[in-house]
1. Picking from Ile77, Ile69, Ile6, which residue would you name as being modelled with pLDDT under 90, open to solvent by 100 Å² or more (accessible area, probe 1.4 Å) and either on the phi < 0 side of the Ramachandran plot or over 24 Å from the mean Cα position of the chain (by Cα) (or both)?
2. Give the residue, chosen from Leu304, Leu289, Leu348, Leu311, that is at pLDDT below 70 and surrounded by 13 or more Cβ atoms within 10 Å (Cβ to Cβ).
3. Filter the stretch 229-246 down to the residues that are surrounded by fewer than 21 Cβ atoms within 10 Å (Cβ to Cβ), in contact with a Cys (Cβ under 9 Å, 6 or more places away or on another chain) and not in a helix (DSSP H, G or I) and list them by number.
4. Name every residue in the stretch 216-228 that is at pLDDT 85 or above and either β-branched (Val, Ile, Thr) or open to solvent by 60 Å² or more (accessible area, probe 1.4 Å) (or both), in order of residue number.
5. Within the stretch 314-336, track down each residue that is open to solvent by 90 Å² or more (accessible area, probe 1.4 Å) and not hydrophobic (A, V, I, L, M, F, W, C).
Amino acid sequence: MLAALIAAVVLLREVLLPFVAGMVLAYLLDPLASRLERLGMNRLLATLTIVGLLVVGVVGLTALTAPVIVRELAYFIDNFPLYVRQLHGLATDPERPWLSKIIGEGLGHAEQSIGELTSLATDWFGAFARSVWSGGRALISVFSLSVVTPIVACYLIYDWNKMIAAIDNWVPPAQRDTVRALAREVDDTIGGFVIGQGALCLILALFYAATLSLIGLKHGILIGIAAGLISFVPYLGSLTGLVVSTCVAVAQFWPSWTLIATVPAIFFVGQSLADYVLSPYLVGRRVHLNPVWVMFALFAFGYLFGFVGLLIAVPLAAAIGVLMRFALRQYYASPLYAAGPTASDRALSTHPEKGPD
């Protein structure tokens, strides 16, 4: 049954995307709907209000930020070959042979491949445009995410309590208390990680964008926002932002080593704040999700199931972690773990030369 479910997810991952996204939204927004319902608001009205405000907020935020991000991204793409040439010129300077040994050859290959990358990008864009006009898959995907996802979220939020009650009824009465305790632990882990890590990403995005802009780094806003948002995968955002911004800083500020060194310092401070100040407070020790386990889950499920896998990676990682800890607790409390050595074991340890016949 599990194999059939995995095969169905693999085959239908493009169709499942709006439904999985709707389930994620419903899971995140159900506590707010329940709170409004406890305050006296009708469940249907609370659901429509929450989803409507969410849609308006996303559209408004997109309208405000999209022009800036698109302009910065277009400017970065236009100037990328210039940055590569500047770095290549610095690395191949005869007065700096150590730079040539470290990065000169790599940048030379990168510069030679720019034309190939541009050609590939042009071919991809043309193929994408043809697929839009012929098959319409991209339009269907955009339509499903923007229209179907809120509808699915509305239905699921409205019927969430009924669905939970139905699933609870499937569990044998003798095991319900155990299953409910495990479900609450999984829910606490997922909620704590998603809310805490999401807040941490937003704080890092604002910090990186503001500090990189203050030192005058080109594309500082774009790099900072991208690095902060990618930080949902622990350490990936900071490392990516560090590499990209350092390359831009070398091309822009050379030979001012002070400004160039400021860029790694910014990311070092940001990651230190995330590890020692923000993460313990926002995520907390109760989450019990190791960053290495989260990174593995995101990469593994993303590779297997695409974007759908990225949406379900953290919940599945949390559930697997809770079940493994439960299994270990059961094992430690079992007679198999607590039982002392048998008579044959004691005899073998006393006379090791007398092994079993």
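The values are calculated or read from the model by the stated rules, or taken from the named source; none is laboratory data. These numbers were taken from a predicted model, which means no experiment stands behind them. Ideal geometry is used to build each Cβ from the backbone, glycine not excepted, and the neighbour counts take in all protein chains shown. Quick note on the areas: whole protein, heavy atoms, side chains included, nothing else; ligands and nucleic acids left out. Shrake-Rupley method; radii C 1.70, N 1.55, O 1.52, S 1.80 Å.
1. Working: Ile69 fails: open to solvent by 100 Å² or more (accessible area, probe 1.4 Å); Ile6 fails: open to solvent by 100 Å² or more (accessible area, probe 1.4 Å).
After ruling out the rest, the residue left standing is Ile77.
2. Numbers: Leu304 fails: at pLDDT below 70; Leu289 fails: at pLDDT below 70; Leu311 fails: at pLDDT below 70.
Of the residues listed, the single one that is at pLDDT below 70 and surrounded by 13 or more Cβ atoms within 10 Å (Cβ to Cβ) is Leu348.
3. Phe232
4. Answer for the stretch 216-228, where residues must be at pLDDT 85 or above and either β-branched (Val, Ile, Thr) or open to solvent by 60 Å² or more (accessible area, probe 1.4 Å) (or both): Ile223, Ile225.
5. If we filter the stretch 314-336 for residues that are open to solvent by 90 Å² or more (accessible area, probe 1.4 Å), which is where we start, we get 323-324, 329-332, 335-336.
Hits for the stretch 314-336 are Arg329, Gln330, Tyr331, Tyr332, Pro335.
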